[in-house]
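The next block holds one structure in the form of structure tokens; read it before the comments.
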Amino acid sequence: MLFISLRHNKSIAALPLVMLLFFGSCKSNLESEVNVFRYNESDGITSLDPAFARDFEIMWATNQLFDGLVELDSALEIKPCIARFWEISDNGLTYTFHLRDNVYFHPSPLFKAENKRKVVASDFCYSFSRIIDPEVASPGQWIFAHVDTTAGAAFTAPDDSTLVIKLAQPFQPFLGILTTQYCNVVPKEVVEHYGADFRNHPIGTGPFKFAFWYEEVALVFHRFENFWQKDNLGNSLPYLSAVKIDFVKDVSVEFQGLLQGKYDFISGINASFKDELLTPDGKLSEVYMDMLKFQKTPFIKTDYLGILVDPNAEISKNSPLLNAKVRAAIHHSINKREMVRYLRNNTVFPAESGFVPPALLGTSHLGQEDTYNPALAKRLLADAGYPDGKGLPEIVCSSTADYADLLEYIQHELEKVGVKVRVNILQGSTFREQSAKAQLAVFRKSWLADYADAENFLSVFYSPNFAPAGPNYTHFTNAEFDELYQKASIESDSGKRLELYKRMDSLVSSYTPVIPLYYDQVSHFIRKNISGLQTNPVNMLDLKTVKKSDD
């Protein structure tokens with residue numbers, strides 16, 4: 001393999017020759033090797049530093065390169081990773097982790113002993129302190145909001161194999177937070193040597209190590225020969241020899257690449273090819289059954305309509321949307337079951353049980369009561385003083401172009417009960433800014449859990465979390481909800497905490513600051529010669545147990 005550092009300040013005239021040499025050599029090696037897993041990332045990747053793993057494309061890549069203390073299994077259970085086991089004090093303030101002694105960082109000339117260095121507890125102290133360092137400006141600073149930052153008490157290492165984390169107040173979801181990519185361990189000497197350039201010189205402990213990255217073109221990882229994990233038979237992981245990620249922006253080219261065998265899988269269903277791949281009831285088309293596998297599972301993600309309920313916001317003053325009956329009428333006007341069948345080929349689930357995905361509340365999306373009730377919607381409008389929508393001002397519903405079809409469907413549904421809707425399509429950056437600043441009356445958003453706990457969804461309605469400082473974009477405030485939220489955050493009994501979560505979800509439903517539209521689904525289309533690729537509710541790409549055979 002030829003390794004060349006390609007920087008943006010290189011002569012543009014020299015690039016074609018350099019790229020020809022670089023990718024010509026790499027292509028011959030990679031394409032002659034059957035054991036390379038290939039996929040495309042149309043949105044690109046901006047960093048390989050876990051401190052900036054905010055988006056899925058970064059999370060997927062860093063998950064191949066790095067490890068943390070704990071991780072989630074396919075059932076959303078927290079299991080050991082670099083930490084062999086842990087203890088939590090009775091008061092819920094002290095977490096003590098006992099580390100494995102056979103975990104090593106990827107080779108680096110910056111390590112003193114033969115490019116090799118073992119992970120020790122102080123590495124986690126450094127990695128975690130870095131996340132909350134204002135100069136680093138990690139978007140993951142919030143994950144350690146509950147730690148005790150007085151006199152350096154937050155993260156300590158009594159010895160090389162013991163890590164102690166102290167919280168300022170109990171927070172039961174904390175262990176789940178540690179499964180996020182932000183919490184991966186990094187080596188101090190490498191990070192401090194490269195500084196901001198650690199983003200493209202990553203050194204971790206994961207199943208694959210960094211090989212090369214030509215931004216907006218291709219990214220390659222190689223198998224880490226000294227990866228610490230083994231399979232049930234004692235065989236070393238990973239099985240793959242390499243991972244290659246392309247950055248083709250055209251999703252139709254990506255789709256053709258899957259069919260031609262250039263890519264081994266794609267995630268998600270784009271509107272441009274959903275009807276070709278899937279039947280109307282969400283099953284894989286017979287045309288592709290000999291070529292592809294369709295794996296799916298409920299995703300802990302909710303797509304919703306948010307309604308600004310802040311009477312002090314300029315756009316909401318004297319708005320009829322401040323009336324809970326009007327909001328409930330909108331909710332009951334939308335035929336969610338028809339919506340997911342017509343627009344999403346039944347690849348998502350109608351959100352009929354509340355804002356929190358049922359899997360996080362120990363229930364199922366199946367068998368829920370249909371929320372579509374246009375007769376009730378008309379009665380609610382009449383009770384609110386708007387019979388058949390008369391006197392009700394036009395409602396402006398905003399989103400980005402990706403969801404224009406969804407807003408147009410909702411517009412059509414609401415017109416049936418007399419509610420006039422204008423669809424407002426905005427550029428992504430404008431939409432994000434205006435929704436964060438409470439400048440949109442009704443908006444389509446989605447909430448994807450950062451960690452597998454219902455608290456993460458319910459934080460969207462906690463009063464101190466008003467946007468732009470937090471995720472409460474509707475500015476919903478309710479004293480009873482806030483009290484339940486605070487109580488749940490310190491409740492150590494999982495059963496009691498679950499009941500508090502259910503009460504909060506029900507309370508939100510009764511006030512309708514949001515209208516849950518559908519619970520998303522993880523959808524993977526995988527080539528038949530790929531095995532061991534698991535689909536999980538957090539849609540985390542894990543390639544360490546993947547095998548690839550000849551087509």
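Worth pointing out:
- Residue count for the stretch 200-222, restricted to those that are in a helix (DSSP H, G or I) and β-branched (Val, Ile, Thr): 0
- Checked against (1) in contact with a Phe, Trp or Tyr (Cβ under 7 Å, 6 or more places away or on another chain); (2) open to solvent by less than 30 Å² (accessible area, probe 1.4 Å); (3) not in a helix (DSSP H, G or I), LEU507 meets all criteria but (3).
- Members of the stretch 366-385 found to be under 37 Å from the mean Cα position of the chain (by Cα) and in a loop (DSSP other than H, G, I, E, B), listed by number: LEU366, GLY367, GLN368, GLU369, ASP370, THR371, TYR372, ASN373
- Out of PHE208, PHE198, sole residue that is out of contact with any Phe, Trp or Tyr (no Cβ under 9 Å at 6 or more places or on another chain) and open to solvent by less than 10 Å² (accessible area, probe 1.4 Å): PHE198
- Qualifying residue in the stretch 338-351 (condition: without any contact (Cβ under 8 Å) to a residue 12 or more places away in the chain, open to solvent by 20 Å² or more (accessible area, probe 1.4 Å) and polar (S, T, N, Q)): no
- Positions within the stretch 418-453 being of a type in the set (Lys, Arg) and farther than 23 Å from PHE56 by Cα, in sequence order: LYS420, ARG422, LYS437
- Within the stretch 419-462, the set of residues being among the β-branched types (Val, Ile, Thr) and either assigned to a helix (DSSP H, G or I) or free of Cβ contacts under 8 Å to residues at least 40 places away in the same chain (or both) comprises VAL421, VAL423, ILE425, THR430, VAL460.
- Residue match in the stretch 115-137 (condition: modelled with pLDDT of 95 or more, among the β-branched types (Val, Ile, Thr) and either open to solvent by 60 Å² or more (accessible area, probe 1.4 Å) or more than 24 Å from ALA53 (Cα to Cα) (or both)): no
- For the stretch 52-102, filtered to residues that are within 22 Å of TRP142 (Cβ to Cβ) and of a type in the set (Ser, Thr, Tyr), the residue that is most open to solvent (accessible area, probe 1.4 Å) is THR94.
- Pair list, Cβ under 7 Å, 6 or more apart: the stretch 136-161 residue acidic (Asp, Glu), other residue assigned to a loop (DSSP other than H, G, I, E, B) and open to solvent by 40 Å² or more (accessible area, probe 1.4 Å): ASP148/ALA168
- Residue within the stretch 204-224 that is among the β-branched types (Val, Ile, Thr), in contact with a Pro (Cβ under 7 Å, 6 or more places away or on another chain) and under 30 Å from GLY92 (Cα atoms) present: no
- Tally of residues being outside any strand (DSSP E or B) and farther than 18 Å from GLY44 by Cβ across the stretch 223-254: 16
- Scanning the stretch 427-462 for residues that are open to solvent by 30 Å² or more (accessible area, probe 1.4 Å) and under 22 Å from CYS397 (Cα atoms) yields a count of 11.
- Restricting the stretch 463-496 to residues that are outside any helix (DSSP H, G or I) and closer than 16 Å to TYR511 by Cα, the residue that is farthest from the chain's Cα centre (by Cα): ASN478
- Qualifying residue in the stretch 302-313 (condition: open to solvent by 10 Å² or more (accessible area, probe 1.4 Å) and of a type in the set (Phe, Trp, Tyr)): no
- The stretch 511-551, residues that are closer than 28 Å to ASN226 by Cβ, assigned to a strand (DSSP E or B) and in contact with a Gly (Cβ under 6 Å, 6 or more places away or on another chain): LYS547
The values are calculated or read from the model by the stated rules, or taken from the named source; none is laboratory data. Worth saying up front: this structure is predicted, and the values here are computed from it rather than measured. Note that we place each Cβ from the backbone using ideal geometry, even for glycine, and neighbour counts take in every protein chain shown. In case anyone asks, the SASA skips ligands and DNA or RNA and just uses the protein heavy atoms, side chains included. Shrake-Rupley method; radii C 1.70, N 1.55, O 1.52, S 1.80 Å.
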